[in-house]
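Colleague: Structure provided below as structure tokens; questions to follow.
Read-outs: derived from the displayed coordinates by stated rules, not from any lab. These numbers were taken from a predicted model, which means no experiment stands behind them. Cβ placement follows ideal geometry from the backbone for every residue including glycine, while neighbour counts extend to all protein chains displayed.
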Amino acid sequence: MSFQKLYKDLRAGKILPVYLLHGEEPFFIDQAVKVFENELLNESERSFNQSIFYGKDSKAQDIIDTCMRYPMFAERQVVILKEAKQMRDFDKLETYLEKP
């Protein structure tokens with residue numbers, strides 16, 4: 001999916017439960033993450049409904065638990081996992097992501 005299509009879909013309310021962003025250039029991934037942050041939650045919703053994890057410092061179960069909780073005072077929550085390749089137990093997370 002192109003960046004333009006992603007942006008257009010989010011603006012139109014066509015939101016998938018999971019997005020996997022990867023590529024050679026981290027700049028474009030960071031730009032896409034900013035789109036998620038800005039389009040899916042307003043500023044007041046972010047403190048309760050946005051979580052950022054880093055692969056080397058995170059366990060799959062912690063991320064799954066966060067994904068499964070209900071949003072607070074918002075329609076949705078946004079869970080961001082950066083540097084997923086560095087997770088030791090990514091396979092556990094992968095199983096969850098097949099059917100979120």
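Colleague: Given H placed on each backbone N at 1.01 Å, which residues far from residue 82 in sequence or on other chains put an amide H within less than 5 Å of it?
Modeller: Correct list: 53, 54, 55.
Colleague: Once phi is turned into θ = phi - 60°, what whole-Hz ³J(HN,Hα) does the Karplus curve with 6.51, -1.76 and 1.60 give for every residue of segment 55-62, x standing for Gly and Pro?
Modeller: My calculation for segment 55-62 gives x, 5, 9, 10, 10, 4, 5, 5 Hz in order.
Colleague: How charged is the neighbourhood of residue 92? Take every other residue with its Cβ under 13 Å from the Cβ of residue 92, and add Lys/Arg as +1 and Asp/Glu as -1.
Modeller: Combined, the nearby Lys, Arg, Asp and Glu give -4.
Colleague: Segment 53-96: which GluC sites (Glu not before Pro) are DSSP loop and have at most 11 other beta-carbon atoms within 10 angstrom? Let's see the in-between values first.
Modeller: Working: sites: 75, 83, 94; in loops: 75, 83.
When the GluC sites (Glu not before Pro) of segment 53-96 are filtered for loop state and at most 11 Cβ neighbours within 10 Å, 75 remain.
Colleague: Another question about this same structure. How big is D for the chain, in µm² s⁻¹ as a whole number, if Stokes-Einstein is applied with the Kirkwood radius of its Cα pairs at 37 °C and 0.692 mPa s?
Modeller: 229 µm²/s
Colleague: Right, something else. Loop by DSSP (not H, G, I, E, B), at most 16 other beta-carbon atoms within 10 Å: where is the longest site-free stretch of the chain for chymotrypsin sites (Phe, Trp or Tyr not before Pro)?
Modeller: 20-72
Colleague: A further question on this structure: Can you tell me the FRET efficiency between residue 28 and residue 70 if r is taken as the Cβ-Cβ distance and R0 is 41 Å, rounded to the nearest 0.05?
Modeller: Details: r = 32 Å, r/R0 = 0.77.
Efficiency at R0 = 41 Å is approximately 0.85.
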